[in-house]
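Structure, as C-alpha coordinates:
The values are calculated or read from the model by the stated rules, or taken from the named source; none is laboratory data. On a predicted model such as this, the values are computed, not experimentally measured, just so you know. Here the Cβ positions follow ideal geometry from the backbone for every residue, glycine too, while neighbour counts run over all protein chains shown. Side chains included, ligands, DNA and RNA excluded: accessible areas come from the protein's heavy atoms. Shrake-Rupley method; radii C 1.70, N 1.55, O 1.52, S 1.80 Å.
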Amino acid sequence: MAVIRTERGLDRLVNFSDATVAIAITLLILPLVDQASKLGGKSFGDFLAENGWEIFAFVISFAVIARFWVVHHRMFESVRDYNSWVVWFNFLWLLAIVAIPFSANVLAESDGQRAEVYALYIGDMLVATIATRLIAEVLYRNPELLTEEARAQIDRTNGIAEASIMAVALVLAVLFPSINLFWLFLLFLSGPVHALLHRLVYGPSQTTA
(Lines give C-alpha, C1' and ligand atoms only; values in the text may rest on other atoms or scores of the structure.)
Protein backbone atom coordinates (compact mmCIF):
# COMPACT_ATOMS: atom_id res chain seq x y z
CA MET A 1 0.00 0.00 0.00
CA ALA A 2 1.43 3.35 -1.04
CA VAL A 3 2.10 5.88 1.69
CA ILE A 4 0.12 9.08 1.13
CA ARG A 5 1.90 12.19 2.30
CA THR A 6 0.04 15.46 2.59
CA GLU A 7 0.88 19.07 3.41
CA ARG A 8 -0.81 18.49 6.75
CA GLY A 9 1.66 15.68 7.42
CA LEU A 10 4.58 18.02 6.83
CA ASP A 11 2.98 20.63 9.08
CA ARG A 12 2.61 18.03 11.85
CA LEU A 13 6.28 17.06 11.49
CA VAL A 14 7.41 20.69 11.78
CA ASN A 15 4.98 21.54 14.59
CA PHE A 16 6.01 18.45 16.57
CA SER A 17 9.66 19.45 16.17
CA ASP A 18 8.95 23.04 17.26
CA ALA A 19 7.03 21.87 20.33
CA THR A 20 9.84 19.51 21.32
CA VAL A 21 12.41 22.30 20.98
CA ALA A 22 10.22 24.63 23.05
CA ILE A 23 10.02 22.06 25.86
CA ALA A 24 13.77 21.37 25.75
CA ILE A 25 14.72 25.06 25.84
CA THR A 26 12.34 25.62 28.77
CA LEU A 27 13.81 22.72 30.77
CA LEU A 28 17.19 24.46 30.74
CA ILE A 29 16.11 27.00 33.33
CA LEU A 30 14.69 24.49 35.85
CA PRO A 31 17.98 23.82 37.72
CA LEU A 32 18.36 27.58 38.27
CA VAL A 33 14.73 27.83 39.39
CA ASP A 34 15.48 25.15 41.96
CA GLN A 35 18.54 27.07 43.15
CA ALA A 36 16.54 30.29 43.33
CA SER A 37 14.02 28.60 45.63
CA LYS A 38 16.84 28.22 48.16
CA LEU A 39 17.84 31.89 47.99
CA GLY A 40 16.40 32.70 51.42
CA GLY A 41 18.07 35.74 52.93
CA LYS A 42 21.03 35.73 50.56
CA SER A 43 21.59 38.71 48.32
CA PHE A 44 21.10 38.30 44.59
CA GLY A 45 24.77 39.11 44.17
CA ASP A 46 25.66 36.09 46.29
CA PHE A 47 23.28 33.98 44.20
CA LEU A 48 25.04 35.08 41.01
CA ALA A 49 28.45 34.41 42.52
CA GLU A 50 27.50 30.94 43.75
CA ASN A 51 25.77 29.92 40.54
CA GLY A 52 27.91 31.68 37.95
CA TRP A 53 28.97 28.44 36.24
CA GLU A 54 25.36 27.16 36.14
CA ILE A 55 24.19 30.46 34.64
CA PHE A 56 26.97 30.26 32.06
CA ALA A 57 25.91 26.71 31.13
CA PHE A 58 22.28 27.86 30.84
CA VAL A 59 23.09 30.82 28.57
CA ILE A 60 25.38 28.77 26.32
CA SER A 61 22.86 25.94 26.06
CA PHE A 62 19.99 28.33 25.36
CA ALA A 63 22.02 29.88 22.54
CA VAL A 64 22.93 26.43 21.21
CA ILE A 65 19.31 25.24 21.03
CA ALA A 66 18.23 28.56 19.55
CA ARG A 67 20.87 28.26 16.84
CA PHE A 68 19.90 24.68 16.02
CA TRP A 69 16.25 25.71 15.76
CA VAL A 70 17.06 28.62 13.43
CA VAL A 71 18.99 26.32 11.07
CA HIS A 72 16.20 23.72 11.23
CA HIS A 73 13.56 26.39 10.58
CA ARG A 74 15.40 27.79 7.56
CA MET A 75 15.83 24.31 6.11
CA PHE A 76 12.18 23.35 6.44
CA GLU A 77 11.07 26.69 4.99
CA SER A 78 12.37 25.28 1.69
CA VAL A 79 10.71 21.86 2.08
CA ARG A 80 7.44 21.09 0.27
CA ASP A 81 7.34 17.32 0.89
CA TYR A 82 9.12 14.66 2.94
CA ASN A 83 10.02 10.99 2.99
CA SER A 84 10.81 8.43 5.68
CA TRP A 85 14.51 9.39 5.74
CA VAL A 86 13.63 13.00 6.55
CA VAL A 87 11.35 11.81 9.36
CA TRP A 88 13.89 9.51 11.00
CA PHE A 89 16.86 11.87 10.65
CA ASN A 90 14.63 14.56 12.13
CA PHE A 91 14.00 12.25 15.11
CA LEU A 92 17.77 11.85 15.47
CA TRP A 93 17.99 15.65 15.56
CA LEU A 94 15.24 15.78 18.19
CA LEU A 95 17.03 13.14 20.26
CA ALA A 96 20.07 15.39 20.44
CA ILE A 97 17.92 18.44 21.24
CA VAL A 98 16.05 16.81 24.14
CA ALA A 99 19.37 15.54 25.54
CA ILE A 100 20.85 19.05 25.73
CA PRO A 101 19.12 19.95 29.05
CA PHE A 102 20.58 16.77 30.55
CA SER A 103 24.09 17.35 29.22
CA ALA A 104 23.85 21.03 30.23
CA ASN A 105 22.90 20.04 33.78
CA VAL A 106 25.81 17.58 33.92
CA LEU A 107 28.06 20.40 32.73
CA ALA A 108 26.66 22.82 35.30
CA GLU A 109 27.13 20.34 38.16
CA SER A 110 30.71 19.43 37.16
CA ASP A 111 33.71 21.11 38.73
CA GLY A 112 35.18 22.13 35.38
CA GLN A 113 38.01 20.83 33.19
CA ARG A 114 36.53 17.32 32.95
CA ALA A 115 37.13 15.75 29.56
CA GLU A 116 34.22 13.28 29.80
CA VAL A 117 31.75 16.07 30.57
CA TYR A 118 32.91 18.14 27.62
CA ALA A 119 32.75 15.01 25.45
CA LEU A 120 29.11 14.50 26.48
CA TYR A 121 28.14 18.14 25.95
CA ILE A 122 29.92 18.82 22.66
CA GLY A 123 29.17 15.28 21.45
CA ASP A 124 25.48 16.00 21.90
CA MET A 125 25.86 19.12 19.79
CA LEU A 126 27.79 17.14 17.18
CA VAL A 127 24.94 14.63 16.88
CA ALA A 128 22.47 17.46 16.26
CA THR A 129 24.80 18.97 13.66
CA ILE A 130 25.26 15.64 11.88
CA ALA A 131 21.51 15.01 11.91
CA THR A 132 20.92 18.38 10.29
CA ARG A 133 23.51 17.55 7.67
CA LEU A 134 21.85 14.17 7.00
CA ILE A 135 18.45 15.81 6.49
CA ALA A 136 20.05 18.28 4.10
CA GLU A 137 21.71 15.43 2.17
CA VAL A 138 18.36 13.66 1.76
CA LEU A 139 16.85 16.87 0.41
CA TYR A 140 19.75 17.38 -1.99
CA ARG A 141 19.40 13.80 -3.28
CA ASN A 142 15.63 14.23 -3.63
CA PRO A 143 15.13 17.75 -5.01
CA GLU A 144 11.45 17.02 -5.61
CA LEU A 145 11.04 17.45 -1.85
CA LEU A 146 12.13 21.09 -2.13
CA THR A 147 10.36 24.17 -3.42
CA GLU A 148 11.28 25.34 -6.91
CA GLU A 149 13.18 28.32 -5.49
CA ALA A 150 15.21 26.07 -3.20
CA ARG A 151 16.09 23.66 -6.02
CA ALA A 152 17.79 26.49 -7.88
CA GLN A 153 19.94 27.31 -4.85
CA ILE A 154 21.06 23.84 -3.76
CA ASP A 155 24.48 23.88 -2.10
CA ARG A 156 25.70 20.40 -1.23
CA THR A 157 28.49 21.82 0.93
CA ASN A 158 26.07 23.27 3.52
CA GLY A 159 26.64 21.86 6.98
CA ILE A 160 29.91 20.08 6.22
CA ALA A 161 32.09 22.83 7.69
CA GLU A 162 30.02 23.03 10.89
CA ALA A 163 30.06 19.27 11.46
CA SER A 164 33.79 19.04 10.76
CA ILE A 165 34.71 21.91 13.07
CA MET A 166 32.39 20.57 15.80
CA ALA A 167 34.18 17.22 15.59
CA VAL A 168 37.55 18.97 15.89
CA ALA A 169 36.29 20.97 18.90
CA LEU A 170 35.14 17.72 20.53
CA VAL A 171 38.54 16.08 20.12
CA LEU A 172 40.41 19.15 21.35
CA ALA A 173 38.10 19.55 24.37
CA VAL A 174 38.84 15.95 25.38
CA LEU A 175 42.59 16.31 24.82
CA PHE A 176 42.91 19.78 26.37
CA PRO A 177 40.02 20.22 28.85
CA SER A 178 41.75 23.16 30.54
CA ILE A 179 40.59 25.35 27.63
CA ASN A 180 37.04 24.66 28.78
CA LEU A 181 34.20 25.24 26.29
CA PHE A 182 36.14 27.97 24.52
CA TRP A 183 36.99 25.37 21.86
CA LEU A 184 33.48 26.05 20.58
CA PHE A 185 34.65 29.45 19.39
CA LEU A 186 36.26 27.51 16.55
CA LEU A 187 32.77 27.49 15.05
CA PHE A 188 33.35 31.10 14.03
CA LEU A 189 35.62 29.59 11.37
CA SER A 190 32.70 27.73 9.79
CA GLY A 191 31.94 30.63 7.45
CA PRO A 192 35.43 30.79 5.86
CA VAL A 193 35.70 26.98 5.79
CA HIS A 194 32.30 26.69 4.09
CA ALA A 195 33.33 29.32 1.54
CA LEU A 196 36.48 27.32 0.79
CA LEU A 197 34.56 24.06 0.38
CA HIS A 198 31.99 25.79 -1.82
CA ARG A 199 34.75 27.16 -4.04
CA LEU A 200 36.39 23.73 -4.32
CA VAL A 201 33.12 22.04 -5.29
CA TYR A 202 31.51 24.68 -7.50
CA GLY A 203 34.50 26.69 -8.67
CA PRO A 204 35.47 30.33 -8.09
CA SER A 205 32.75 31.64 -10.38
CA GLN A 206 29.98 30.48 -8.03
CA THR A 207 28.85 32.58 -5.07
CA THR A 208 28.32 31.09 -1.65
CA ALA A 209 24.70 30.29 -0.89
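For a quick check of understanding: with a 1.4 angstrom probe and all protein chains in place, what accessible area in square angstrom does residue 129 have, to the nearest ten?
Accessible surface of residue 129 is approximately 10 Å².
Could you tell me what fraction of 2.2 N^0.38 Å the Cα radius of gyration of segment 44-144 comes to, as a two-decimal ratio?
Cα-based Rg divided by the globular estimate yields 1.31.
When a/c is below 1.5 the answer is rounded, else prolate if a/b is larger than b/c, else oblate, so apply that to the chain with a ≥ b ≥ c taken from the square roots of the Cα gyration tensor eigenvalues.
oblate
For 116, 162, what's the largest-to-smallest order of accessible area, 1.4 Å probe?
116, 162
Using only Cα atoms, tell me the angle between helix 190-202 and the longest principal axis of the chain; keep it within 0 to 90° and round to the nearest 10.
For helix 190-202, the angle is close to 20 degrees.
Grab the other residues whose beta carbon is less than 12 angstrom from that of residue 71, score K and R as +1, D and E as -1, and report the net.
After counting each charged neighbour, the total is +1.
Bin all alpha-carbon pair distances of segment 99-209 at 5 Å intervals from 0 and give each bin's fraction as a whole percent.
Percent of Cα pairs in each bin: 2, 12, 17, 18, 16, 12, 9, 7, 5, 1, 0.
Using only Cα atoms and rounding to the nearest 10 degrees, what angle (0 to 90) does helix 115-141 make with the longest principal axis of the chain?
Helix 115-141 sits roughly 20 degrees off the main axis of the chain.
Enter the accessible area of residue 29 (Å², nearest 10), with the probe set to 1.4 Å and all protein chains included.
Rounded to the nearest 10, that gives 60 Å².
Of the trypsin sites (Lys or Arg not before Pro) in segment 16-78, which ones lie in a loop per DSSP and count no more than 10 other C-beta atoms within 10 Å?
38
Using a 1.4 Å probe on the protein chains only, how many percent of the accessible area of the chain belongs to carbon and sulfur?
Its accessible area is 65 percent carbon and sulfur atoms.
Using helices alone, what [θ] at 222 nm do you get for the chain, with -39,500 (n - 2.57) per DSSP H run of 4 or more residues, divided over all residues and rounded to the nearest 500?
My calculation for the chain gives -23500 deg cm²/dmol from helical runs alone.
In degrees, nearest 10, range 0 to 90: what is the angle between the Cα axis of helix 7-27 and the longest Cα principal axis of the chain?
In the chain, helix 7-27 runs at an angle near 20 degrees to the longest axis.
Excluding residue 97 itself, calculate the net charge of residues whose Cβ lies under 13 Å from the Cβ of residue 97, where each Lys or Arg counts +1 and each Asp or Glu counts -1.
Taking every Cβ under 13 Å from that of residue 97, the sum is -1.
For segment 1-141, report the accessible area per residue in Å² (1.4 Å probe, heavy atoms, rounded to an integer).
Accessible surface, normalised per residue, equals 55 Å².
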